[in-house]
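The values are calculated or read from the model by the stated rules, or taken from the named source; none is laboratory data. None of the values given here were measured: they were computed from a predicted structure. Cβ coordinates were reconstructed from backbone atoms using ideal geometry, including for glycine residues, and neighbour counts include every protein chain displayed.
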Amino acid sequence: MKAIRFAAAMLAATCIAGAAHAATITQQYKAFSHGVGAQGTPEHSVYFAGGHNPAGSSGPKNNHFLFENAMPGNGVFTQFNDGTATLTGNVKNAGGDEYALSLFMEATGTPASIKLPSVPAGQSIDTSAWTFYSISTAIDSTLTYLGAGSLASFKLTEMDMTKAVQVGVGANDKNWDLFGLSTWINFTDLACTGNCQPSYGGDINITLAAVPLPASLPLVLLGLGGLGYMARRRQSA
């Protein structure tokens, strides 16, 4: 059953990515909340910083949203051969408030500032092996509320222009020896009108586990991406 749910999530992520651009997948990962301590107890995937939280959200740690709290229990991080990447999946807090995350990224150079987790004495992190992305300005990244209530949905943008989305071993900012991803973001309420300022700051912190790609999946994605590209061409014509 879990395998079926993950396959469905992979297909959904593939469809989202294919609609965004015509490219082939180079690598895909299951994405999980970063862990605390040696046991890797899930902490958060999406975090509203400073104790803030979406107005009306509920439950303990209502500003901590985890992939593990939603189905299928993980997100999907996908890298493409054109230097772009996506992170998709549902996150939920302990009170049951659920959001759909869609993060679109574009490859960038090494940023001016890199954030490292604490490293034990005698150990080190090789940041030269990391990959860096900027959050796309061509496609809106969003955190969309899925409940029946009136919680806000948000557009996601970069909080600190000296940093970037960082991907690699130790890159999730919390676990020095795990492969993961971190980015620091502003949440802008999509219901705002006029010159709205970001409502909240926060971050995304996840660990990543590579999954094997079916041989046919890049071809499927290429077809879907081509359809999405042609649709956009028709709309702009």
Count of residues meeting criterion [closer than 14 Å to residue 44 by Cβ, small (Gly, Ala, Ser) and part of a loop (DSSP other than H, G, I, E, B)] in region 62-84: 1
Would you mind stating whether residue 172 is in contact with a strand residue (DSSP E or B) (Cβ under 9 Å, 6 or more places away or on another chain), assigned to a loop (DSSP other than H, G, I, E, B) and under 28 Å from residue 23 (Cβ atoms)? yes
Surrounded by fewer than 21 Cβ atoms within 10 Å (Cβ to Cβ), at positive phi and not acidic (Asp, Glu), is that true of residue 122? yes
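Could we say that residue 133 is in contact with a His (Cβ under 8 Å, 6 or more places away or on another chain), at negative phi and not basic (Lys, Arg) here?
Details: in contact with a His (Cβ under 8 Å, 6 or more places away or on another chain): no; at negative phi: yes; not basic (Lys, Arg): yes.
Spelling it out, it is not the case that residue 133 is in contact with a His (Cβ under 8 Å, 6 or more places away or on another chain), at negative phi and not basic (Lys, Arg).
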Return yes when residue 38 is of a type outside the set (Val, Ile, Thr), at pLDDT below 70, surrounded by fewer than 23 Cβ atoms within 10 Å (Cβ to Cβ) and more than 14 Å from the chain's Cα centre (by Cα) and no when it is not. yes
Which number in (1) in a strand (DSSP E or B); (2) at pLDDT below 95 marks the one condition that residue 99 misses? (2)
The lone condition residue 144 fails out of (1) modelled with pLDDT of 95 or more; (2) part of a loop (DSSP other than H, G, I, E, B) is (2)
Confirm whether residue 160 is at pLDDT 85 or above, more than 18 Å from residue 80 (Cα to Cα), of a type in the set (Asp, Glu) and within 13 Å of the chain's Cα centre (by Cα). no
